[in-house]
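To start, the structure under review is shown below, and the notes come after it.
The values are calculated or read from the model by the stated rules, or taken from the named source; none is laboratory data. This is a predicted model, so every value here is computed, not measured. All Cβ positions, glycine included, derive from the backbone under ideal geometry; neighbour counts span all protein chains shown. Note: accessible area is taken over every heavy atom of the protein model, side chains too, but ligands, DNA and RNA are not part of it. Shrake-Rupley method; radii C 1.70, N 1.55, O 1.52, S 1.80 Å.
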Amino acid sequence: MKVLKFGGTSVANSASIARVMSIVQQEEQCTVVVSALGGVTDLLLQAMEQAAQNDDNYTTVFPRLEERHLEIIKGFIPAKSQSNLISFVKVELNRLETLLDGVAMLQEITPKAADKVASFGEHLSSTIIAAVFRENNIDVRLFDGRDLIETSIQNNRQIIHWENTAKKVNNLYASSTAKVTLVPGFIAKTSKGENTTLGRGGSDFTAAILANILEASSLEIWTDVSGMFTAHPKIVAQANPIAQLSYLEAMELSHFGAKVIYPPTLQPLVEKNIPVYIKNTFAAEDKGTLITKAKSTLNGEVVKGISHIDNVSLVSLEGSGMVGIPGFSKRLFEALSIEKINVIMITQASSEHSICIGLRSEDAQRAKEIIDEEFAFEISLNKVDPALVENDMVNVAMVGDDMKNHQGISGKMFSTLGMNNVNIRAIAQGASERNISIIIAKKDTHKALNCLHEAFFEENIKQLNLFVIGVGNVGSKLMEQIHQQQQYLQDILQLRIRVIAMANSRTMVLSNTGIDLTSWEAALAQGEKSEVDTFFAHAKKLNLRNSIFVDNTANEAIATEYKRYLENNIGVVTCNK
Ligand code: ADP
Ligand code: ASP
Ligand code: MG
């Protein structure tokens, strides 16, 4: 049996659910795991925050949720049969309202209440999708994830109670002969019978747990992109799907931020050697990514992907009192572990004079307090300094099983970043050498990911990013030539020229990934009011590699702009006027 999991974007509305249905209809007996409708979990959690802050806006969530769910019911179910489902939605939303009113009254969010609120999304989506499947003659049986998956607490952490979960799954499946078993992802129950959830993005994990227990022939994760990409596809426009990955590579990429798989997902699959496919619901024929045990050396690529974690902070503990004293790091990490603070990255120079850790920004302040308390005595004797927190950082990881057998990868990584003025704040490379991680300033994320991607995956094609002012005679000729020569430049000179922003004295267009040169005149005519400061701020904020400010005017005021572009590592080209 196969397990198929459809994420929030795949079940966001009736049009996407129609696609899900056409994929499921081609399957033999299978289990289908669904998320909440895209964005619904965010809405629920946001409403809960508002309620806790006594912000009445939380009540706006009810009509929004009603509208989202009724759109699907009305899209598939004939009017005469809708009433049961509509009243189901209304009853559930009333229960949600009672809960949120309670949160508003107490002005406090307990973990139990949070899980209860968050679980509405999958409960609603799975019930409605089951009805839609039935309406379309799919032989479906709906189980509640809470009747299947049980969690328990071990060492202060919530983990899956595998034995009880397996019993429940096997019992329920034994009672059903349906062709399609539909299960809401994300939601579970604790051994005490309380509602719980498996963490944000946890529907992937539900699917993996079921695949393990059912010994599925494969797990297919259906989402809105055609596989695991070489870098975040929304940040690196040139990123491509990776055809094949090993479990360890995929785990490493997901742990370091590739959100397309929830990090704990792969573990239960490794154990039973179950292949995973990442597929695109909106382009089902695309090959996607296959993840198996096998080390893949497809295309001879050594680095398989680059992933990154936003909102990281660096916390450093420094001082002469640390040198040569055993147990210092043990105390540091034990103190953090007791408080359940997850460390992303660790570096310690061999001088032992400082330890530096990367962690999620939301944990940074608490980590500082814990560390300062743990080392209060040493701090009072000036043997170590109070922990130093630096925010607005990003962790970037390059991943590949075979990196250890190739020299020069870190060298290339560092020189690429150095040439692009990206300062590296901390570096870590595990002995497995499957991963090289660095921490950089958040403002450099876009540039760093794009230039690393270019160096490791595009190598031959260099990209120039133009910010053009002046599109009169000279400027418009320049646009025409760039457009005409695009293919030639790419094929013969390995150069891709993108016009990111353009302006004349009246209007300007500011894009993030390049203006379409077949219709730039129309875009400019409808552009916003031209303004040199905003134009400059855009170039500075994008911080793209190989940025060039092109001045086609003969305007002295524009020439005074050069200084600030040059100061921000943006080249300047002026025409001979
Ligand atoms: P779903 O709702 O299907 O679970 P998610 O939003 O959790 O989908 O994950 C898919 C998203 O992950 C993509 O839309 C993409 O923006 C993001 N993403 C981040 N990094 C990567 C990557 N390396 N490869 C593919 N997608 C990625
Ligand atoms: N709906 C949950 C979330 O948004 C689980 C999931 O979609 O995987 O986090
Ligand atoms: Mg997801």
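Of the set (1) hydrophobic (A, V, I, L, M, F, W, C); (2) within 26 Å of ASP310 (Cβ to Cβ); (3) over 20 Å from the mean Cα position of the chain (by Cα), all apply to VAL384 but (2). Looking at ASN273, ASN280, just one residue is within 14 Å of ligand 1 (Cβ to nearest atom), more than 17 Å from GLY201 (Cβ to Cβ) and without any contact (Cβ under 8 Å) to a residue 60 or more places away in the chain, and that residue is ASN280. Which residue is surrounded by the fewest Cβ atoms within 10 Å (Cβ to Cβ), if the candidates are limited to region 215-253 and must be among the polar types (S, T, N, Q) and either out of contact with any helix residue (DSSP H, G or I) (no Cβ under 6 Å at 6 or more places or on another chain) or closer than 30 Å to ASN465 by Cβ (or both)? The extreme case among them is SER217. When the residues of region 201-219 are filtered to those that are under 24 Å from the mean Cα position of the chain (by Cα) and farther than 13 Å from TYR262 by Cα, the one that is nearest to ligand 1 (Cβ to nearest atom) is LEU219.
For region 527-546, the condition of being acidic (Asp, Glu), without any contact (Cβ under 8 Å) to a residue 60 or more places away in the chain and under 19 Å from GLU458 (Cβ atoms) holds for none of the residues. Of the helices (runs of 4 or more DSSP H) lying entirely inside region 442-560, those carrying at least 3 residues that are surrounded by fewer than 19 Cβ atoms within 10 Å (Cβ to Cβ) are 473-493, 520-525, 532-542, 556-559.
Within region 176-192, is even one residue assigned to a strand (DSSP E or B) and basic (Lys, Arg)?
yes
Answer yes or no: is there a residue in region 51-59 that is modelled with pLDDT of 95 or more, surrounded by fewer than 18 Cβ atoms within 10 Å (Cβ to Cβ), over 17 Å from THR127 (Cβ atoms) and within 15 Å of ligand 3 (Cβ to nearest atom). No: region 51-59 contains no residue that is modelled with pLDDT of 95 or more, surrounded by fewer than 18 Cβ atoms within 10 Å (Cβ to Cβ), over 17 Å from THR127 (Cβ atoms) and within 15 Å of ligand 3 (Cβ to nearest atom).
Select from region 243-278 the residues that are assigned to a loop (DSSP other than H, G, I, E, B) and either within 16 Å of ligand 2 (Cβ to nearest atom) or at pLDDT 95 or above (or both) and list them in ascending order. Of everything in region 243-278, those that are assigned to a loop (DSSP other than H, G, I, E, B) and either within 16 Å of ligand 2 (Cβ to nearest atom) or at pLDDT 95 or above (or both) turn out to be GLY257, ALA258, LYS259, VAL260, ILE261, TYR262, ASN273, ILE274, PRO275.
Considered as a group, the residues in region 216-262 that are among the hydroxyl-bearing types (Ser, Thr, Tyr) and free of Cβ contacts under 8 Å to residues at least 60 places away in the same chain include one that is nearest to ILE500 (Cα to Cα), and that residue is SER254. Restricting attention to region 1-13 and to residues that are open to solvent by less than 20 Å² (accessible area, probe 1.4 Å) and more than 9 Å from ligand 1 (Cβ to nearest atom), the residue that is farthest from VAL132 (Cα to Cα) turns out to be VAL3.
Helices (runs of 4 or more DSSP H) fully within region 1-120 that include at least 1 residues being more than 22 Å from PRO184 (Cα to Cα): 40-52, 61-76, 83-106. Taking ASP204, is it within 16 Å of ligand 3 (Cβ to nearest atom) and farther than 30 Å from ASN512 by Cα? Yes: the conditions hold for ASP204.
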